[in-house]
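Engineer: Sharing a structure with you now.
The values are calculated or read from the model by the stated rules, or taken from the named source; none is laboratory data. From a predicted model like this one, the values you see are computed outputs, not experimental measurements. Ideal geometry is used to build each Cβ from the backbone, glycine not excepted, and the neighbour counts take in all protein chains shown. Ligands, DNA and RNA are excluded from the accessible area calculation, which covers all protein heavy atoms including side chains. Shrake-Rupley method; radii C 1.70, N 1.55, O 1.52, S 1.80 Å.
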Amino acid sequence: MLHTFFLFSPQYYSNFCKSSIVMVRTVAVIGAGPSGLTSIKGCLEEGLEPTCFESSDDIGGLWRFKECVDPGRANIYQSVIINSSKEMMSYSDFPPPADLPNNMHHTQLLIYLRLYAEAFDLLKHIQFQTAVLSVRQRPDFHVSGQWEVETERSGHRETLVFDAVMVCTGHFTQPHLPLSDFPGIEEFEGKYLHSWEYRSAEGLQGKRVVVVGIGNSGGDIAVDASRIAEQVYLSTRRGAWVVSRVGEGGLPGDLVGTSRWDRLMQTLFPSWIASSIENKVNQIFNHRLYGLQPKHGFFAQIPVVNDDLPGRIISGRVLIKPNIREVRGSSVVFEDGSVVDKVDVVVFATGYNYNYPFLPSGLLANSGLPLCLYRHVFPLGLARPSLAIVGFVCNLGAINPLAEMQARWATRIFKGLLTLPPEKAMLQDIKRDTSTLQNRFACLERHPLQVDHIPYLDSMAKEIGVRPNLLWLLLTEPGLGLRVLLGPCTPYQYRLRGPGQWDGARQAILTQWERVAQPFKTRIAPQEENKIRFSFSLKLVLTMSGTAILLTLFSRHSASSVLSHPADILAKVCTLPETMWGHK
């Protein structure tokens, strides 16, 4: 009798409500770019009801070129080609069409996004030309976890209630323009603008242009402008490593050296691997000779991906300069004392501020950290984990697979299938990750969104239950297992097992090189198939043998049992039939 009374007493019921999981059904998705589309799909996979609000009249977000800039929206310039190859940037259950080029122009990437949206019937969940003005917690948020989302369409405002919110507007909407760092710029006699405003080189004929900043945008704009401008000067404080989209043997550069095996080698021998890559990059062109040599190592900052910059420098069309000291009228004075007179245009490729004006002030900050998100997704301090930031990361690799994994993880947390750790544990995890990344990455204070591609994906995939079981694959299907271990870490690996398993994942991995090769077949050159297969086989055996020997020697000085695995793998590899080594 006492037990029954206790079970149904008001105090017990109140405590139960506070500790129980609130079931989420309706989800507001803000933004219909790559992150928003995969978030809609993630909701549908978990049986949730998403409503996506997109302020423009079409999908695509950043990757939809707009002739006129619109404040609060991401923009790109006309010449943009994606840095990641199509296999690495694809969604995990939607391989790109084989005939699309490996590194697509932004118009072709938009085609891929449309195909994805149509294939999974996502468009019907999107309300276009609907801007989100504010997202506020309801008064009973500590119990319900619900949000009030205020929107505006054609001058009409409406407030709707949702069980959860996914913010998918990215981090390229608020330009960072540090004019105070450049004395005299506000009295500059020419024109200055942020790279966010840049559309094309039109109007720069015969002009002197200074581009400030050597990230990917700065490099692209310097190259683009140099084709018609009188002279382009590229100003950089730190320098940068510059790599090409075209990798070894003409393959897409991000398909080489991006396997799980490569990541293991980077973890075990970070200095040696970084030094080897730096030497290899410098063999293509000497970064010190070209004025680009940075103080930081190769993995300390995301490299600049640019196929044309070295050619523009060697032809004198782009001149590398140090940081700007000051601006005097139409003259730009650099820190080495050199002066460029009669400058017409200054383009600031100085990055973006991380801000969501429609969210409650201070929501993303915590404990002295300006950006405090658990796994870069969930803000701390909320009574209910019903708001997720998706796609708010950057890395040496494609964002789409990361955003997709974030969405898969977040929707399962919304649904109560996964739970977050206590807030204290999450804060400790954030501080630990921040400290680790500060020791590795340069300028992390300015760019706090950086993550390690494979470890970051694997950490969430493990919780979801979709991280590939490498040992099982190697033992049961060695051909597939070796491709997962030694091949590029393509997103399809995360659909081989667990929730959201896709029957086509295995075939997508086995045929990924065929899709890579297809766009090149505009003229079929003769080839010796057997020679290609033998070369691939020999290279693989030598790679495995060499690394296994290194790890065996290394393991004698280490107590870690993980290091003995490659030798076991090698023994298995040596028993495979010759047909396993080909690309087919």
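Engineer: For the stretch 208-328, what is the charge dipole size about the Cα centre, in debye to the nearest 20, if Lys and Arg each add +1 at the Cβ and Asp and Glu each add -1 at the Cβ?
Structural biologist: Rounded to the nearest 20 debye, it is 460 debye.
Engineer: Quick check: convex hull of the Cα atoms in the stretch 236-364, volume per residue, rounded to a whole Å³?
Structural biologist: 198 Å³
Engineer: For the ranges 455-461, 371-377, what's the packing order if you count other beta-carbon atoms within 10 Å of each residue, average per peptide, and put the highest first?
Structural biologist: Most protected by this proxy first, the peptides run 371-377, 455-461.
Engineer: HN-Hα J couplings of the stretch 79-90 from phi, Karplus 6.51/-1.76/1.60, θ = phi - 60°, integer Hz, Gly and Pro as x?
Structural biologist: 8, 4, 10, 5, 7, 8, 6, 4, 5, 7, 9, 6
Engineer: What's the extension gain from residue 420 to residue 282 if we count 0.36 nm per residue and subtract their Cα-Cα distance?
Structural biologist: Contour length minus Cα-Cα distance gives 45.2 nm.
Engineer: What spacing in nm lies between the two simple spin-label points modelled at residue 431 and residue 176, each 7 Å away from Cα in the Cβ direction?
Structural biologist: About 2.4 nm, to one decimal.
Engineer: With every protein chain kept in place and ligands, DNA and RNA left out, what is the accessible area per residue of the stretch 209-352? Probe 1.4 Å, answer in Å².
Structural biologist: With the other protein chains kept in place, the stretch 209-352 gives 43 Å² per residue.
Engineer: Which residues does the label zone of residue 361 cover in the stretch 136-150, counting backbone N under 20 Å from a point 7 Å along Cα→Cβ?
Structural biologist: Label zone hits: 136-139, 148-150.
Engineer: Another question about this same structure. Can you give the Kirkwood hydrodynamic radius for the stretch 89-167, in Å, rounded to one decimal and based on Cα pairs?
Structural biologist: Its Kirkwood hydrodynamic radius stands at 15.6 Å.
Engineer: If you look at just the Cα atoms of the stretch 133-276, how large are its Rg and its Dmax in Å?
Structural biologist: 23.4, 64
Engineer: Then there is this: For the stretch 12-151, what D do you get in µm² per second when you plug the Kirkwood radius from alpha-carbon pairs into Stokes-Einstein at 25 °C and 0.890 mPa s?
Structural biologist: For these conditions, the coefficient is 144 µm²/s.
Engineer: Could you go through the stretch 67-77 in sequence order and give the Karplus-derived ³J(HN,Hα) for each residue, using 6.51 cos²θ - 1.76 cosθ + 1.60 with θ = phi - 60°, rounded to whole Hz, and x for Gly and Pro?
Structural biologist: Each residue of the stretch 67-77 in turn: 5, 10, 6, 10, x, x, 10, 6, 9, 10, 8 Hz.
Engineer: To continue, here is another question. Quick check: at a probe of 1.4 Å, how many percent of the accessible area of the stretch 306-408 sits on carbon and sulfur atoms?
Structural biologist: Heavy-atom surface of the stretch 306-408 belonging to carbon and sulfur, 1.4 Å probe: 49 percent.
Engineer: In nm, give the distance between the simple-model label positions of residue 68 and residue 248, each being 7 Å from the Cα along the Cα-to-Cβ direction.
Structural biologist: 5.0 nm
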